[in-house]
Amino acid sequence: MSSVTTTPVPRPATVARPTGRTAPVLRQLLLLALAVVVVAPFAWMVTTSLKDYADVYRPPYLWPQEFHVGNYGRAWDAAPFAGYYVNSLIMTGGILVGHVMLDTLAAYAFARLRFPLRNTLFLVLVATMLVPQFVTVLPAYDLVIRLGWYDSYAALIVPRMADVFGIVVLRAFMASIPAELDDAARLDGAGPWRSLWSVTLPLCRPALATVGMFSFLYAWNDFLWPLLVTSDDTHRTIQLGLSTFSSKYGTYPELLMAGTVTAAVPALVIFLFLQRAFIRGVASTGLK
Amino acid sequence: MTRRLRRRWFAVAAVATALTVIAGCGSSSSPAASSSSSSSSSPASSSASGTSDPAGSASGSPAATTASSSSPAPSSWSGELTVWHYWDGKNADTFSAMAQKYQTAHPGVTIKVVNVPGSDMMTKLQAAVSSRTLPDISIGDLVNVPRLVQTGRLVDLTPLIPQADWSDMYPAMLSFGTKDDQQLSIPVSANDLGLMYNADLVRQAGFDPAKPPTTWDEMKTAAAAIKAKTGKAGFELFTQAGDNGEGLTWNFQVSLWQAGGEFLDEGNTKAAFNSDAGRKALQYWVDLIDAKASPLAPWGEFEKGNAASAQEGSWMVGIWADKPPFTFGTAQIPAPADGRKATNLGGEQAVVYSSDDAREKAAADFLAWFDGPAQNLSWSEQTGFLPVRRSVAEGAEYKSFVAKTSPRMQPFVDALPTAHARPNTPQYAEASLAFAKQVEKALYGKATVEQALSAAEADVNQVLSATP
């Protein structure tokens with residue numbers, strides 16, 4: 001993505017005059033092409049969701065010309081989607097809160113506090129990122145069963161309330177905040193809690209937005225874990241619900257896409273919301 | 001800075017969201033092929049059942065927590081039986097309605113029907129085996145039965161289901177759950193492959209849609225003529241191995257069996273397809289492709305209207321019943337003039353997981369009822385699955401039902417006695433992928449028929465010689 005933002009710098013000499021005029025055009029064209037690449041799947045998804053089953057594989061692919069809005073109702077009725085939605089929101093909310101809280105605390109400790117083996121512990125923590133999730137799934141599943149959490153919100157949320165990625169991101173961000181700010185707070189009598197809450201956290205908003213968004217996408221899109229720890233519709237999430245439409249005996253692309261649009265809406269909304277928070281965070285902290 | 005950041009942010013987020021959406025679209029284009037995809041992505045190993053389980057039988061299966069009387073007679077057993085299946089839509093509704101009917105007739109027994117996403121059934125079952133959260137019954141793709149047998153948790157159904165029921169079922173269906181003299185699974189639904197063709201394209205090419213080809217030579221001629229006259233492929237073959245290979249393999253097996261060949265040897269210890277029959281079958285496919293009669297493309301050209309015919313599963317008749325994308329006809333798959341008729345068998349089978357005698361008996365009782373003549377008839381009529389009982393499939397009632405409501409189903413029913421079963425071995429999924437990968441090379445002209453089959457033989461033998 002960096003290629004998008006680093007446009008070729010025209011030489012300041014007079015020779016560069018024509019380049020200076022064509023460069024923005026080229027840049028816009030490049031951006032336009034990338035925008036198409038990004039938007040096309042969405043357009044296809046929406047268009048397909050509005051088609052009749054028989055027309056799914058026929059053009060037009062990107063621009064809806066027929067509007068079988070009923071697909072949405074049929075998709076919604078095909079499975080208890082309202083319940084799936086609520087479950088997804090509860091699970092995602094729990095994980096999101098867990099990540100933001102626990103990751104922040106851990107990151108602050110690693111960035112600011114001094115304790116024995118601090119760097120070693122951090123290295124160990126980072127090293128766990130190398131272990132693929134699949135390796136830990138079965139032991140974690142076994143643990144959840146023994147705790148008697150099978151088919152419960154606890155099983156969906158608790159084992160995944162903290163993640164190393166968030167800690168690494170937040171710690172790096174906190175480390176970049178001048179320690180003098182903390183020192184000044186300490187001179188004013190603030191302890192570590194106060195310092196974290198009133199000084200560091202407000203400055204960390206951009207990083208928190210980053211962590212929050214990745215946490216949200218991770219939790220909202222997770223499939224394998226909810227599949228394993230839930231037994232039936234009472235605790236199933238929306239991603240499991242979508243698999244209803246791609247069954248062994250024929251898929252229903254138009255219903256799958258209608259369901260997927262419905263499932264993608266919160267992701268889009270959250271993104272737009274967090275994007276604003278993110279910009280505000282950058283603007284208000286004066287950090288560059 | 002702010003603007004640049006924002007732009008970058010949007011890009012990152014948009015890509016992330018796009019990935020999200022794409023991840024949701026994974027679909028299995030080849031039915032009966034869902035077996036290996038789930039296993040490869042999950043480390044779940046069935047050997048985990050060997051470890052001791054401190055939670056023990058006290059926690060039992062989730063269903064075991066309900067009250068159960070200790071009376072051994074199945075008629076007086078009461079409690080809840082959990083059944084996992086992956087059917088959806090009408091199939092799922094019909095199954096639930098039948099379970100309800102069973103409950104009404106058997107007060108005290110509750111059937112808890114749970115739908116599990118099909119492609120993840122094996123992942124979930126393997127995880128459940130290792131932590132004792134198995135249901136009482138699971139109903140899944142018959143190719144996966146040998147892998148379930150391997151868990152050592154299945155109940156021998158031989159004594160629990162009346163002999164009259166067993167002897168009425170097609171022998172090919174029973175081969176999947178056979179181990180020594182035990183029968184560890186029971187077929188509950190069936191389907192097979194047939195020839196489906198686009199009547200419009202066939203007519204355009206100057207053929208009579210009422211007279212589909214019956215031999216390989218006729219098929220070659222017709223497919224070439226269709227290509228010449230309509231510009232569209234005449235007969236779509238499943239040419240790509242993909243990530244599990246089964247789509248290609250199970251379609252090719254039909255040609256192999258028709259030519260008189262076998263996929264594995266009798267004891268499923270060695271490949272048997274590198275034979276005259278195997279070479280003949282593969283040559284048939286290569287000839288069709290060389291003549292451009294079959295496209296080298298991802299599966300689905302026929303369904304999109306870009307090819308005139310294909311081997312399709314009997315379930316397509318039902319899926320297309322209401323809104324066919326084009327006028328289509330069905331027939332039995334053309335066989336070599338000097339060969340035999342054959343098709344491949346698909347469908348679902350049920351297994352019962354060990355618990356206690358009374359419970360196992362109650363579970364088997366439900367399955368025996370479900371497969372009873374009356375139930376099998378109405379189940380087949382309502383879902384479009386083929387009957388598992390010979391007496392139902394060949395009975396007058398079912399025949400007149402098919403003739404009246406969906407005559408295009410009849411060739412599939414007629415083909416049932418010629419249906420072969422895929423090998424009953426837990427290594428089948430791996431063998432299937434190894435085979436498909438080599439055969440794909442011959443189809444794409446990167447190897448000769450002989451080279452591809454020899455290489456496939458070596459690879460499959462290696463898969464089979466490895467300890468499961």
Given the C-alpha centroids of the range B:302-317 and the range A:243-276, what is the distance between them in whole angstrom?
28 Å
Over 18 Å between Cα atoms, which of B:341/B:441; A:51/B:323; B:280/B:441 qualify?
B:341/B:441
The value for the range B:399-442 (convex hull of the alpha-carbon atoms, volume per residue, Å³) is 127 Å³
What is the set of long-range amide H partners of residue B:386 at a cut-off below 5 Å, with H atoms built 1.01 Å from backbone N?
B:190, B:191
Report the Stokes-Einstein translational diffusion coefficient (µm² s⁻¹, integer) for the range B:257-404, Rh taken as the Kirkwood radius over Cα pairs, at 25 °C with viscosity 0.890 mPa s.
128 µm²/s
Out of residues 5 or more away from residue A:57 or on other chains, whose amide H comes under 5 Å of its own, with H placed 1.01 Å from N in the peptide plane?
none
Total charge of the residues flanking residue B:366 in space, meaning their Cβ is under 14 Å from its Cβ, with Lys and Arg +1 and Asp and Glu -1, is -2
What does the C-alpha gyration tensor say about the overall shape of the range A:75-285? Classify as rounded when a/c is under 1.5, otherwise prolate if a/b is larger than b/c, or oblate.
prolate
Can you give me the long-range amide H partners of residue B:81? Hydrogens built in the peptide plane at 1.01 Å from N, cutoff under 5 Å, separation of 5 or more residues or another chain.
B:110, B:111, B:112
Once both labels are modelled 7 Å past Cα along the beta-carbon direction, what's the residue B:229-residue A:198 spacing in nm?
8.9 nm
Residue separation between residue B:450 and residue B:210 times 0.36 nm, minus their alpha-carbon distance, gives in nm 82.7 nm
Whole-Hz ³J(HN,Hα) from phi, Karplus 6.51 cos²θ - 1.76 cosθ + 1.60, for the range B:170-177, glycine and proline x
5, x, 4, 5, 7, 5, 5, x
Okay, which of the range A:166-183 sit inside 16 Å, backbone N to the point 7 Å along the Cα-Cβ direction of residue A:114?
A:179-180, A:182-183
For the range A:146-163, just list the computed ³J(HN,Hα) in residue order, Karplus coefficients 6.51, -1.76 and 1.60, θ = phi - 60°, integers in Hz, with x standing in for Gly and Pro.
5, 6, x, 9, 3, 6, 8, 5, 4, 5, 6, 9, 4, x, 10, 7, 10, 9
Among A:45, A:271, A:116, whose Cα sits farthest toward the positive end of the charge dipole of chain A (+1 at Cβ of Lys/Arg, -1 at Cβ of Asp/Glu, about the Cα centre)?
A:116
Pop out the ³J(HN,Hα) list for the range B:94-107 in order, Karplus 6.51 cos²θ - 1.76 cosθ + 1.60 with θ = phi - 60°, rounded to Hz; leave Gly and Pro as x.
4, 4, 4, 5, 5, 4, 4, 4, 5, 4, 4, 7, 10, x
For residue A:35 and residue B:397, FRET efficiency with R0 = 56 Å and r from the beta-carbon atoms, rounded to 0.05?
0.40
What is the Cα centroid distance between the range B:127-174 and the range B:402-448, reported in whole angstrom?
22 Å
Neighbour cut-off at most 15 other Cβ (10 Å), DSSP loop, trypsin sites (Lys or Arg not before Pro), the range A:55-148:
A:114
Can you give the translational diffusion coefficient of the protein assembly as shown in µm²/s, computed by Stokes-Einstein from the Kirkwood radius over Cα pairs at 20 °C and 1.002 mPa s?
74 µm²/s
Alpha carbon centre of the range B:189-222 versus the range B:356-396: separation in Å?
33 Å
Both in Å, the radius of gyration and Dmax of the C-alpha trace of the range B:147-253 are 20.9, 59
Segment residue A:162-residue A:67, extension gain: residue separation times 0.36 nm, minus the distance between their alpha carbons:
29.9 nm
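Each value in this text was obtained by applying a stated rule to the coordinates, not by laboratory testing. Quantities reported herein were computed from a predicted structural model and do not represent experimental measurements. When we count neighbours, we look across all protein chains shown, and the Cβ atoms used for this are built from the backbone with ideal geometry, even at glycine.
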